[in-house]
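Notes for the one structure printed next.
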Amino acid sequence: MPSAPEPSRADDLAGEPFREGFNRKTILAALFIGFVMLPGAIYMGLVTGQSIGGAAQWVTIILFVEIARRSLVRLSRQEIYIIYAVASGLAAQAVPGLALYGGVFAVKIWDQFLVQSPQAEAFGLAERIPSWVVPPRGSPALMERTFLHSAWVVPILVLLAHQVLFRLNFFGLGYFLFRSTRDKERLPYPMAPVAVGGATALAESEVREESWRWQVFTVGAMIGLAYGFFYAAIPVFTGLWMAKPLQIIPIPFIDGSPKLGTVLPASTFGLLTDLGNFLVGFVLPFWVVVGQFLSSLGVNLVANPILYHRGLLPHWQPNSSVIQATISNRLDFWLSVSIGVGVVVALIGIGTIIVLSRRVSPEGQPRLTSKERRLEKERGDFPLWLALGLWMFSTLSYVWLCHTLVPEFPVWFFVLFGFGFTPLLSYISARMFGITGVVTGVSFPMVIEGSYLLSGYKGVDIWFAPVPYFDHGWVTQVFAELELCRVKFTSWIKAELTVFVILVVCSFLFWSIVWGMGPIPSSAYPFVQRMWPLFATMRSLWATSTLEGGSRWMLQALKPALMLYGGLVGLGLFAVISLLRWPQALFYGIVGGLHMWPHHVIPQLAGALLGRWYFAPKFGPDTWRRYAPILLAGYGCGMGLIAMISIAVTLIGKAVSQIVF
């Protein structure tokens, strides 16, 4: 391993002028990510449920730095950061909660599955999903697996309208909140230097410390390539000629729940087989991992059998898989408990904001000097009235769009979500980023679901409408990083617009190809084949809860007494941890572990223990903290390269076998 790295130099940039970071180089980088990295992201998500975000960022930066160096051109720090931001946007998760990547059209792949799924049919949802979401069940557009059909025109227009309005919404409100928290309240944004230092390290080619990053990154990439060959590549390659692809390593997990259930009823147990989950344990805060482990095993191996014997988990059946057991246990007990705990966590987050606000009070702060105001102009600021205008226009457009799509739903709910909850939640989140650097549990649990259930609306359309309920606090962190990196704000805005255009084109192109090759899900995509039925079941339960007679499913699952008990237990646990002065991360880990399977927490704890008790003493705690994220990024790069090679071979193989795409 290399010698210990030096501290980050991100803070040394404060005296530099702001420069443009968006140009032809960053456009070429965006095209490279869209046409080369995006197909790999699609395949990795379908096969393993993993992202290649780290691979997209690192590979693109490394490639363009090396090309520039050999062309006797040097990429500036600003160009490097914009390339990093572009890669982050193109490789981001397209459908939150589904581990589905690949741009805007990924959501339509999920919609086509949902409308045709046995779960939606069983709950009576399939025939009620509106045609502005997805063509109806049995449509030629679905049977032929193509987007090039007139039945897709309206769903695609609604999708694109939502994407455009969403960007206007987060640009406007996010920038306004940044000016409020950074310029007026002078909040420090402590994690911004870390992000900038990591994103721009490869731009400093003349600095010797680059060598250790390369070595650690290469080690991680080799691990990813080797493991990815057996984990992802072999199933893909063998799927070209075998009806059931060969899996040397089970994807995505080994499930021991059916056998363990004979001894411990209603328990769930297994092991996630992706090595990346083990490496994540190197990076996550140690006490968060410990809390997740204790909570997950306590719930799944201790509490569930006790609850079953007391008659509180009546719907669990012997020989249930982990997915079946999770659905029944969640509806019988844990959904209500988690809502109560979530409310407490949200209140704690708001209380933390109030306490920290007093410590970091804007009162007594010096006013901006003329030099600082000049720097504001140099960084590409635009008028606050324009930012508020963009946000208000997009929010009003959302209200009009949702009312047009679902005219029976009370329109004042849309107004409340867009002009009430969104700015409030975004402001709380922005202050958490500005003061602590991270957001920990600040949300309003079940607001959307509760509003739909209590509104009196009868139907399913509202569950598919693009309701303007967002958290834009993360945008303020991006602006803080741009400021620290001395990148003009207009550079990121232009880059985001470019990403949107490329994302639409590439997402449409590659999802059309992949979907045309065969049904999704299928045995060719192990992760979605095993996990999407669970997601479809929960989605169908919620969507049918507002039907006449359908509300019994979720209303029976929502038990006020359990919500109260969950909230009291959560509050008591927080009080005990605070009184004993244990790490607060332990509390948030315990809360997060309530819905985590042992499959995830066991490998993560193994990684955390190995990092804390072996690698940290071996290399030094500070040095290991710098190694671990880059090792994980290298692993993501190796797995991403395997994914890209796999999809290339698959496309060639399908073309040779004359399968119509």
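The values are calculated or read from the model by the stated rules, or taken from the named source; none is laboratory data. A quick note: this is a predicted structure, and the numbers were derived from the prediction, not measured. When we count neighbours, we look across all protein chains shown, and the Cβ atoms used for this are built from the backbone with ideal geometry, even at glycine.
Just a few scattered comments:
- Filter result (surrounded by fewer than 18 Cβ atoms within 10 Å (Cβ to Cβ), modelled with pLDDT of 80 or more and in a loop (DSSP other than H, G, I, E, B)) within the range 548-585: 580, 581, 582, 583
- Any pair with Cβ under 7 angstrom, 6 or more apart, that starts in the range 532-543 at a residue that is in contact (Cβ under 8 Å) with a residue 60 or more places away in the chain and ends at one that is of a type in the set (Asp, Glu) and surrounded by fewer than 22 Cβ atoms within 10 Å (Cβ to Cβ): 542/449
- Yes/no for residue 225 being of a type in the set (A, V, I, L, M, F, W, C), modelled with pLDDT under 90 and touching a His at 6+ places or on another chain (Cβ under 8 Å): no
- Every residue from the range 459-483 that is closer than 19 Å to residue 408 by Cα and outside any loop (DSSP other than H, G, I, E, B): 461, 462, 463, 464
- Exactly one residue among 460, 442 is surrounded by 17 or more Cβ atoms within 10 Å (Cβ to Cβ), at pLDDT below 75 and in contact with a Leu (Cβ under 8 Å, 6 or more places away or on another chain), and that residue is 442.
- Condition check for residue 251: assigned to a loop (DSSP other than H, G, I, E, B), at pLDDT below 85 and aliphatic (A, V, I, L, M): yes
- Neighbours by Cβ (under 7 Å, 6+ apart or cross-chain): first from the range 142-157, without any contact (Cβ under 8 Å) to a residue 40 or more places away in the chain and over 14 Å from residue 109 (Cα atoms); second assigned to a helix (DSSP H, G or I) and not polar (S, T, N, Q): 149/140; 149/141; 151/141
- If the condition is being within 20 Å of the chain's Cα centre (by Cα) and surrounded by fewer than 20 Cβ atoms within 10 Å (Cβ to Cβ), then the range 595-651 contributes 595, 596, 629.
- If you go through the range 397-436 and keep only what is of a type in the set (Val, Ile, Thr) and in a helix (DSSP H, G or I), you end up with 399, 404, 411, 415, 422, 428, 435, 436.
- Filtered by the rule that a residue be among the hydrophobic types (A, V, I, L, M, F, W, C) and modelled with pLDDT of 90 or more, the range 405-437 gives 405, 406, 409, 411, 412, 413, 414, 415, 416, 417, 419.
- Which numbered condition residue 365 fails, given (1) in contact with an Asp or Glu (Cβ under 9 Å, 6 or more places away or on another chain); (2) modelled with pLDDT of 75 or more: (2)
- For the range 19-37, the set of residues classified as surrounded by fewer than 24 Cβ atoms within 10 Å (Cβ to Cβ) and closer than 11 Å to residue 82 by Cα consists of 20, 23, 25, 27, listed by residue number.
- Residues of the range 262-279 that turn out to be without any contact (Cβ under 8 Å) to a residue 60 or more places away in the chain, among the polar types (S, T, N, Q) and out of contact with any strand residue (DSSP E or B) (no Cβ under 8 Å at 6 or more places or on another chain), as a count: 2
- Checking the range 237-247 against the condition returns a match, with at least one residue being crowded, with 16+ Cβ neighbours inside 10 Å, part of a helix (DSSP H, G or I) and hydrophobic (A, V, I, L, M, F, W, C).
- Matching residues, the range 377-396, being surrounded by fewer than 18 Cβ atoms within 10 Å (Cβ to Cβ), out of contact with any Lys or Arg (no Cβ under 9 Å at 6 or more places or on another chain) and in a helix (DSSP H, G or I): 377, 385, 386, 388, 389, 392, 393, 396
- Subset of the range 129-141 [touching a residue at least 24 places away in the same chain (Cβ under 8 Å) and either in contact with a Phe, Trp or Tyr (Cβ under 7 Å, 6 or more places away or on another chain) or surrounded by 19 or more Cβ atoms within 10 Å (Cβ to Cβ) (or both)]: 129, 130, 133, 134
Per-residue answers, yes or no, for (1) at pLDDT below 80; (2) among the small types (Gly, Ala, Ser); (3) out of contact with any Gly (no Cβ under 9 Å at 6 or more places or on another chain):
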{"site": "34", "(1), (2), (3)": "no, yes, no"}
{"site": "49", "(1), (2), (3)": "yes, yes, yes"}
{"site": "55", "(1), (2), (3)": "yes, yes, no"}
{"site": "62", "(1), (2), (3)": "yes, no, yes"}
{"site": "73", "(1), (2), (3)": "yes, no, yes"}
{"site": "79", "(1), (2), (3)": "no, no, no"}
{"site": "84", "(1), (2), (3)": "yes, no, no"}
{"site": "99", "(1), (2), (3)": "yes, yes, no"}
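- The range 586-597: number of residues that are part of a helix (DSSP H, G or I), touching a Ser or Thr at 6+ places or on another chain (Cβ under 9 Å) and under 13 Å from residue 289 (Cβ atoms): 5
- Test: residue in the range 109-127 that is outside any loop (DSSP other than H, G, I, E, B) and hydroxyl-bearing (Ser, Thr, Tyr): no
- When residues in the range 218-236 are screened for being over 19 Å from residue 42 (Cα atoms), surrounded by fewer than 22 Cβ atoms within 10 Å (Cβ to Cβ) and hydrophobic (A, V, I, L, M, F, W, C), 4 of them pass.
- Of the residues making up the range 490-532, just one is modelled with pLDDT of 85 or more, touching a helix residue (DSSP H, G or I) at 6+ places or on another chain (Cβ under 8 Å), surrounded by fewer than 19 Cβ atoms within 10 Å (Cβ to Cβ) and over 21 Å from residue 37 (Cα atoms), namely 493.
- The requirement of being part of a helix (DSSP H, G or I), of a type in the set (Gly, Ala, Ser) and in contact (Cβ under 8 Å) with a residue 40 or more places away in the chain is fulfilled somewhere in the range 280-287, by at least one residue.
- Checking each residue of the range 569-587 against the condition of being under 17 Å from residue 333 (Cβ atoms) and touching a residue at least 24 places away in the same chain (Cβ under 8 Å) gives at least one match.
- Filter pass, residue 40 being buried (at least 19 other Cβ atoms within 10 Å of the Cβ), under 18 Å from the mean Cα position of the chain (by Cα), modelled with pLDDT under 70 and assigned to a helix (DSSP H, G or I): no
- The residues of the range 397-412 that are exposed (fewer than 14 other Cβ atoms within 10 Å of the Cβ) and not aromatic (Phe, Trp, Tyr), listed by number, are 404, 407, 408, 411.
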